[in-house]
1. Checking residue B:197 against (1) of a type outside the set (D, E, K, R); (2) surrounded by fewer than 22 Cβ atoms within 10 Å (Cβ to Cβ); (3) not in a loop (DSSP other than H, G, I, E, B), which single condition isn't satisfied?
2. Can you name the condition, by its number, that residue A:108 falls short on among (1) more than 23 Å from residue A:43 (Cα to Cα); (2) touching a Ser or Thr at 6+ places or on another chain (Cβ under 6 Å); (3) not polar (S, T, N, Q)?
3. Restricting to the stretch B:250-271, give me the number of residues that are surrounded by fewer than 16 Cβ atoms within 10 Å (Cβ to Cβ) and farther than 14 Å from residue B:225 by Cβ.
4. Looking at the stretch A:1-24, which of its residues are more than 12 Å from chain B (Cβ to nearest Cβ) and not in a strand (DSSP E or B)?
5. Restricted to the stretch B:181-192, and to residues that are within 19 Å of residue B:250 (Cβ to Cβ) and in contact with an Asp or Glu (Cβ under 9 Å, 6 or more places away or on another chain), which residue is surrounded by the most Cβ atoms within 10 Å (Cβ to Cβ)?
6. Considering every residue within the stretch A:2-19, establish whether at least one is crowded, with 22+ Cβ neighbours inside 10 Å, of a type in the set (Ser, Thr, Tyr) and touching a strand residue (DSSP E or B) at 6+ places or on another chain (Cβ under 6 Å).
7. Which residue pairs have Cβ atoms closer than 8 Å, lie 6 or more positions apart in sequence or on different chains, and pair a first residue in the stretch B:214-237 that is β-branched (Val, Ile, Thr) with a second residue that is buried (at least 18 other Cβ atoms within 10 Å of the Cβ) and in a loop (DSSP other than H, G, I, E, B)?
8. Among the numbered conditions (1) over 16 Å from residue B:169 (Cα atoms); (2) within 14 Å of chain A (Cβ to nearest Cβ); (3) of a type in the set (Gly, Ala, Ser), tell me where residue B:26 comes up short.
Amino acid sequence: MRINLIVNGTESTLEVEPRTTLLDCLREYLGLKGAHAGCEHGVCGACTVLFDGVAVRSCLMFAPQAEGTPITTIEGITPGPGELSPLQDAFCEAHGLQCGYCTPAMILVAHALLAGNPDPTRDDIVDAISGNLCRCTGYAQIVEAIALAADRIRGSNRPSELRS
Amino acid sequence: MKAAPFEYARVANVDEACAMLASDESARVIAGGQTLVPMMVMRLARPTRLIDINRIAELSYIRSDGDAISIGATTRQCRVERDALIAAKLPLLARAISFVGHAATRARGTIGGSLANADPAAELPLIAVTLDAILAYRAGGRTEKIAARDFYIGPMTTNLPSDAVLTSVQFPKWLGKVGVSFCEVNARRSDFAFVAAAAQVELSADGRCNRIVIGIGAATDFPIRLTSAEEQLKDSTLDAVTVKGAVLEALADIAPLSDLHASAEYRRRVAVNLATRAVADARSHAIGKNRHAN
């Protein structure tokens, strides 16, 4: 069937089988490989994308269901070509990734968290990433990276002498 | 992990969905899809047609209807989690909702979907049974109602007719000095419960129990009420010894589920402890709230 998807601000018309998951559609039809296929049944969280700004699992949705709703993948998070978002920067600096398989999803989940809660507690951060599995880091540096990014984003609109 | 082929239909209203269900017995309704899609990709479910009710706007609402709070079937779980009316009038549901899956699944998962799916370990059916909720469904052009206690008949099995679409759920509001508690034992945060317990009490001015409901989920094929314990504890002061005795007796004859993760004996033991704790917590909550009000 023919569907219209709006991904990272770009509209595309695609011909898909209804059983194509949004995840497979993003990866195979649009070439956006940042959403990772981990468990493919809603357990690992590696396929997380933002659906109308909210973090959801793209493996738990069929592509026709996404018709007309704005979707953001990790490819749509960077401010410009060759640049990193404050969250991506913080993940590099705080060693919030090792193999990188869970990373795009972790960053998108954190992105959704900080959009609604610019000053999260450690518990808020832990709760936000609790649906995303990481088998390398032990999570501690991921939590640190998100807290670091939150701090920087909060500080970015304040005069430099007031920044903590 | 790819679903078997199916036809996809997005319907504009509930009656259209009912007509499709009536004409094709292998058709299934999809709401949030957070359980149905995994079942389909594992090929445990092979519907020939998916009827998508997500875009029926009139099925998504939370409103006060006299003595009850009504929630539309496709209302997202995340909306219930943040709703001020739910927090004020249905504190037990407000407590339990954060145990339902993860934030990313609550963003898509719906209230009606979880109720109709009837997973023994699911929190929402437990809350519906505990609070004597009434479920409304549409079939053959008529709206019918059924009590949550009569709705569940087995694991993933309900009395919902095969051509029916669940449309809403009504939770009765409680007035007075009300306290609630929800507790759960699971392997990791927001994973499937091994046992869950819910309790809601209303205390009189002198601290006696005017009204109490206690529910246990995940331990048996479908959520149960500890009716005999509720009868015994009414008008008591909910002292620890009486509560424990009443709960032990009420859970003596249940047939707990047993699996790789938790044996039947473990589930019974945990059910007794969680139910006892839930009643004590609900009582403290009722008393604490009153102190704040003063």
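1. Answer for residue B:197: the failing condition is (2).
2. All conditions are met except number (1).
3. 10
4. A:8, A:9
5. B:182
6. No, the stretch A:2-19 has no match at all.
7. B:214/B:226; B:216/B:223; B:216/B:226; B:216/B:251; B:220/B:120; B:220/B:256; B:220/B:257
8. The number of the failed condition is (2).
The values are calculated or read from the model by the stated rules, or taken from the named source; none is laboratory data. This one's a predicted model, so the numbers in the text were calculated from it and none came from an experiment. Cβ: placed from backbone, ideal geometry, glycine included. Neighbour counts: every protein chain shown.
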